[in-house]
1. Checking A:ARG177 against (1) at the interface with another protein chain (Cβ under 10 Å from one of its Cβ atoms); (2) modelled with pLDDT under 90; (3) more than 30 Å from A:MET46 (Cα to Cα), only one condition comes out false. Which one?
2. So which residues in region B:70-126 are of a type in the set (D, E, K, R) and closer than 29 Å to A:GLY164 by Cβ?
3. Using the structure shown, decide if B:ALA80 is free of Cβ contacts under 8 Å to residues at least 24 places away in the same chain, part of a helix (DSSP H, G or I) and either within 18 Å of the chain's Cα centre (by Cα) or surrounded by 24 or more Cβ atoms within 10 Å (Cβ to Cβ) (or both).
4. If the requirement is being under 26 Å from the mean Cα position of the chain (by Cα), at pLDDT below 85 and within 30 Å of B:ALA129 (Cα to Cα), which of these qualifies: A:GLY150, A:GLY155, A:GLY172, A:GLY164?
5. Would you confirm whether any residue within region B:106-114 is under 20 Å from A:GLY155 (Cβ atoms), surrounded by fewer than 18 Cβ atoms within 10 Å (Cβ to Cβ) and at pLDDT below 90?
6. How many residues does region A:133-154 hold that are closer than 18 Å to B:GLN44 by Cβ and assigned to a helix (DSSP H, G or I)?
7. Can you confirm whether A:PHE67 is part of a helix (DSSP H, G or I), more than 9 Å from every other protein chain (Cβ to nearest Cβ) and either of a type outside the set (Val, Ile, Thr) or in contact (Cβ under 8 Å) with a residue 24 or more places away in the chain (or both)?
8. Taking only region A:1-58 into account, find how many residues are closer than 15 Å to A:TYR112 by Cβ and charged (D, E, K, R).
Amino acid sequence: MPPVELLLMLLLLATVIVVARLKDLFAAAMLTGIASLLAAGLFVLMDAVDVAFTEAAVGAGVSTVLFLGALSLTSRREKQQERTRILRILPIVIVVATGAALIYGTWDMPAYGDPDAVIHHHLAPDLIAETENKIHIPNIVTAILASFRGYDTFGEVVVIFTAGVGVALLLGGLGLRRRGSGTEEES
Amino acid sequence: MRPPSRVREMPILRVVARALVPVILLFGLYVQFHGDFGPGGGFQAGVIFAAGLIIFALTFGVEALRQVVPVVLTERLMAAGVLLYGAVGVLAMFLGGEFLNYTALDPLTTGHHGQHLGIIAIELGVGIAVAATIMRVYYAFVKRRPDGDGETREPALGAEPGEGTP
């Protein structure tokens with residue numbers, strides 16, 4: 001693995017270990033933002049710039065703000081609680097077992113950046129060759145997401161909309177209902 | 001986290017935010033409308049745009065942002081973005097194609113750029129819906145007040161003391 005990737009991976013590992021051990025929730029929220037920023041750096045190195053945009057803006061930016069917003073409603077420190085021996089050991093056993101299974105799974109994956117990997121020889125060459133002729137725009141990713149898979153993307157937008165409506169109903173109350181009660185000033 | 005009254009006493013934060021927010025918003029628009037040539041697209045643009053506005057709210061108070069983007073406006077734009085996407089699909093049907101088959105949009109353009117036109121339109125819908133949804137979620141969080149259990153707590157992020165739903 002190239003040195004820059006390795007460095008980012010090690011920093012990411014250090015960050016998540018610290019997050020798991022911290023009791024101060026404010027510091028933990030800030031560190032999850034840093035973890036997202038490191039992940040965004042990794043995505044840039046993998047040439048997935050659009051994913052990096054999203055990770056930096058959502059992971060490091062907006063969700064950190066939402067964490068802090070939620071934090072201001074509760075206390076700043078994690079509650080100390082007495083745990084039995086089994087409850088203390090069980091989580092680490094589950095995490096280590098899951099991690100081992102995932103690492104075992106990566107043995108079947110092609111090497112990082114391997115040009116002979118299956119994914120580069122199924123569909124991808126056709127899309128690279130044909131997209132410009134069929135869609136007339138140079139960004140193949142946008143062409144696939146917006147045109148070839150337009151139904152999927154429409155579904156995703158509806159999911160985002162539904163999530164927003166859900167949060168508004170659960171936490172904030174929709175504007176219409178507020179105006180109906182006639183107590184709020186905004187509009 | 002600090003309430004905005006204390007942020008106001010931090011000139012560096014205010015000056016940096018004042019300089020950065022317009023650049024972030026401009027970059028969001030660039031990602032939106034250049035998404036068919038460079039990396040990015042509606043989702044990324046919407047997220048960046050909303051993040052820029054949230055930085056504005058963190059620095060100058062959520063009340064200042066609410067004067068620019070009222071809560072009701074975010075709710076309407078959420079729906080408008082989804083409807084814009086769907087409308088492009090239905091328009092393609094009226095012009096003789098299948099749902100979301102942008103090639104059918106050809107007669108609207110001078111050449112054979114139906115696909116290009118369709119993609120720009122639906123990406124705009126995605127961007128509006130995503131930006132509005134993130135703003136709405138942010139508003140939902142800052143409007144929450146801690147349940148009155150006698151304990152004094154810091155006011156919600158970016159919220160002025162004494163505001164919010166009773």
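1. So the condition that A:ARG177 fails would be (1).
2. Residues satisfying the conditions are B:GLU75, B:ARG76, B:GLU98, B:GLU123.
3. Numbers: free of Cβ contacts under 8 Å to residues at least 24 places away in the same chain: no; part of a helix (DSSP H, G or I): yes; either within 18 Å of the chain's Cα centre (by Cα) or surrounded by 24 or more Cβ atoms within 10 Å (Cβ to Cβ) (or both): yes.
Against the criterion (free of Cβ contacts under 8 Å to residues at least 24 places away in the same chain, part of a helix (DSSP H, G or I) and either within 18 Å of the chain's Cα centre (by Cα) or surrounded by 24 or more Cβ atoms within 10 Å (Cβ to Cβ) (or both)), B:ALA80 does not qualify.
4. The unique qualifying residue is A:GLY172.
5. Taking every residue of region B:106-114 in turn, none turns out to be under 20 Å from A:GLY155 (Cβ atoms), surrounded by fewer than 18 Cβ atoms within 10 Å (Cβ to Cβ) and at pLDDT below 90.
6. Of the residues in that region, 12 qualify.
7. So A:PHE67 fits the description; yes.
8. 2
The values are calculated or read from the model by the stated rules, or taken from the named source; none is laboratory data. A quick note: this is a predicted structure, and the numbers were derived from the prediction, not measured. Methodologically, a virtual Cβ is constructed for each residue, glycine included, from the backbone with ideal geometry; neighbour enumeration extends over all protein chains shown.
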